[in-house]
Amino acid sequence: QVQLVESGGGLVQAGGSLRLSCAGSGRIFSINVMCWYRQAPGKQRELVALMSSAGGTNYADSVKGRFTISRDNAKNTVYLQMNSLKPEDTAVYYCKAVRGLNVYWGQGTQVTVSS
């Protein structure tokens, strides 16, 4: 089992920044992919960013150039640095880990961007 706990969400004005953290515990070795998703009210959950075990990254077009995914292996933590935030970035942000056929989700953290 893998446990994921997100933190770092909050209320920020448009143009501001936040850094989300996803701390992993349990059987975190050999995790293939770490991802950040978000879900706004009334919308489907969407992929925001992902990082492979080799360090490759990919981003949704809507966040390219503004968000950066990174990780600290020593702390078993993945981060999402969010800059130049927009009201449309308002959502619950979830961390997801993929290990083989197993998928693990965190509980989510709310990000609200005011205009």
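Using the structure shown, decide if VAL103 is of a type in the set (Val, Ile, Thr) and touching a residue at least 40 places away in the same chain (Cβ under 8 Å).
It is false that VAL103 is of a type in the set (Val, Ile, Thr) and touching a residue at least 40 places away in the same chain (Cβ under 8 Å).
Go through region 64-115 and tell me which strands (runs of 3 or more DSSP E), entirely inside it, have 1 or more residues that are of a type in the set (Gly, Ala, Ser).
Once the strands (runs of 3 or more DSSP E) in region 64-115 are filtered for at least 1 residues that are of a type in the set (Gly, Ala, Ser), what remains is 67-72, 91-99, 109-114.
Can you find, within region 1-57, the residue that is nearest to THR90 (Cα to Cα) among those that are assigned to a strand (DSSP E or B) and polar (S, T, N, Q)?
Once the filter is applied, the top-ranked residue is GLN39.
Which pairs have Cβ atoms under 6 Å, sit 6 or more apart or on different chains, and link a residue in region 53-80 that is small (Gly, Ala, Ser) to one that is open to solvent by less than 60 Å² (accessible area, probe 1.4 Å) and modelled with pLDDT of 95 or more?
ALA60/VAL48; SER70/TYR79
Pairs only if they're at least six apart or on different chains, beta carbon under 6 angstrom, first in region 12-26 and under 15 Å from SER115 (Cα atoms), second aliphatic (A, V, I, L, M) and open to solvent by 20 Å² or more (accessible area, probe 1.4 Å); list them, first residue then second.
If the second residue must be aliphatic (A, V, I, L, M) and open to solvent by 20 Å² or more (accessible area, probe 1.4 Å), the pairs left are VAL12/LEU18.
If we keep just the residues of region 90-115 that are touching a Leu at 6+ places or on another chain (Cβ under 9 Å) and of a type in the set (Ser, Thr, Tyr), which is surrounded by the fewest Cβ atoms within 10 Å (Cβ to Cβ)?
SER114
What residue, among those in region 53-94 that are modelled with pLDDT of 95 or more and among the acidic types (Asp, Glu), is nearest to LEU20 (Cα to Cα)?
Selected residue: ASP89.
What's the number of the only condition in (1) on the phi > 0 side of the Ramachandran plot; (2) open to solvent by less than 60 Å² (accessible area, probe 1.4 Å) that SER30 fails to meet?
Of everything listed in (1) on the phi > 0 side of the Ramachandran plot; (2) open to solvent by less than 60 Å² (accessible area, probe 1.4 Å), SER30 misses just condition (2).
The values are calculated or read from the model by the stated rules, or taken from the named source; none is laboratory data. Values in this document were obtained by computation on a predicted structure and should not be read as measured data. Neighbour counts are summed over all protein chains in view; Cβ atoms, including those assigned to glycine, are modelled from backbone coordinates with ideal geometry. What goes into the accessible areas is simple: the full protein's heavy atoms, side chains included, and nothing from ligands, DNA or RNA. Shrake-Rupley method; radii C 1.70, N 1.55, O 1.52, S 1.80 Å.
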